[in-house]
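As structure tokens, the structure follows; a few thoughts come after it.
Bear in mind these aren't lab numbers, they're just calculated from the coordinates by the rules spelled out. What you see is a predicted model; the values in this text were computed from it and never measured. Cβ sites come from the backbone with ideal geometry, for glycine too, and all protein chains shown count toward neighbours.
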Amino acid sequence: MTLRLYYHPLSSYCWKVLIALYESGVPFKPELVDLQDAEAREQFIRLTPLGKFPVLVDEEAGKGFPESSIIIEYLANKYPSAAKLIPADKSLALRVRLSDRFYDLHVHDKMQRIVGDRLRPEGKSDAFGVEKLRNELEISLALVDRDMAEGGWATGLTFTMADCAAAPALYYANQVLPFGDRHAGAQRYLDRLMARPSFARVLAEAEPFFAMFPKS
Ligand SMILES: N[C@@H](CCC(=O)N[C@@H](CS)C(=O)NCC(=O)O)C(=O)O
């Protein structure tokens, strides 16, 4: 076993990589990091100074990476079973990367910052900023709804890195800004993602930790 994934079961960007790993069946050792634990945090910062999950370490190759998309690209380059996550066709691959960027930057990031506001100390929350993020997220969700109206996966008929990105982004977006009543196509896409065995497994593994998620 040469791959280690440093992660937390509630971390949305870790979900993205876990989905890719489960889709491809690449063996890895999960290393759960509890950032609340001072010693574990210090060790993690030594590994990755920015202190962000996920980090993949390939011991055999002597390489380590943060950044979920880069990790998935690495897996797709190195393991034949993961290659399907980035199409070989260059223009299709570009569509996958564009969709991956859309979900990370325009859905995931907005959602993450809304959740982040809930974790701020008393008196430090930013109601104006959250309202702006909610409005921006609503626009993104309308785009998802439009693009996914016909069914299928993020960029067509095959499940790719873009769907790995979409799953956690939409799952948690639906927690902070429930969208099923306004965006039925986006909701159906989320339902398909949640029924996908790779993501269903991630959700089942996260379940014992869901009480830690700030509901408001
Ligand atoms: N762009 C990064 C984002 C990573 C990120 O924001 N990770 C969050 C968890 S989902 C994190 O590590 N948060 C811990 C912290 O900021 O202390 C990626 O794609 O991996």
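Points to keep in mind about this one:
- Contact order, relative form, for the stretch 3-85: 36 percent (alpha carbon pairs under 8 Å, 6 or more residues apart, mean separation divided by residue count).
- Only helices enter this figure: runs of n ≥ 4 DSSP H residues, each worth -39500 (n - 2.57), summed and divided by the residues of the chain, yield -17000 deg cm²/dmol at 222 nm to the nearest 500.
- Short to long, the 10 Å bins of the Cα pair-distance histogram for the stretch 119-180 hold 19, 43, 25, 11, 2 percent of all pairs.
- The three principal axes of the Cα atoms in the stretch 107-216 give end-to-end lengths of 47, 32, 24 Å, sorted in falling order.
- In plain terms, the chain from R182 to R134 could stretch by 15.9 nm, reckoned as 0.36 nm per residue minus the Cα-Cα distance.
- Stokes-Einstein translational diffusion, the chain - Kirkwood Rh over all Cα pairs, 0.890 mPa s, 25 °C, in µm²/s: 137
- Between the stretch 129-202 and the stretch 2-57, the alpha-carbon center distance in angstrom: 23
- When each of the peptides 89-98, 184-193 is scored by how many other beta carbons lie within 10 Å of its residues on average, the order from highest to lowest is 184-193, 89-98.
- Among beta bridges from DSSP that stay inside the chain, the antiparallel ones total about 65%.
- The calculated P(r) of the stretch 1-91, using every Cα pair and 5 Å bins from 0, goes 3, 14, 26, 26, 16, 9, 4, 2, 1, 0 in percent.
- Summarising the amide proton neighbourhood of E31: residues at separation of 5 or more, or on other chains, whose placed amide H is nearer than 5 Å comprise L5, Y6, Y7.
- Order of T2, T160 under a 10 Å beta carbon neighbour criterion, fewest first: T2, T160
- Taking all Cα pairs closer than 8 Å and separated by 6 or more residues, the relative contact order of the chain comes to 24 percent.
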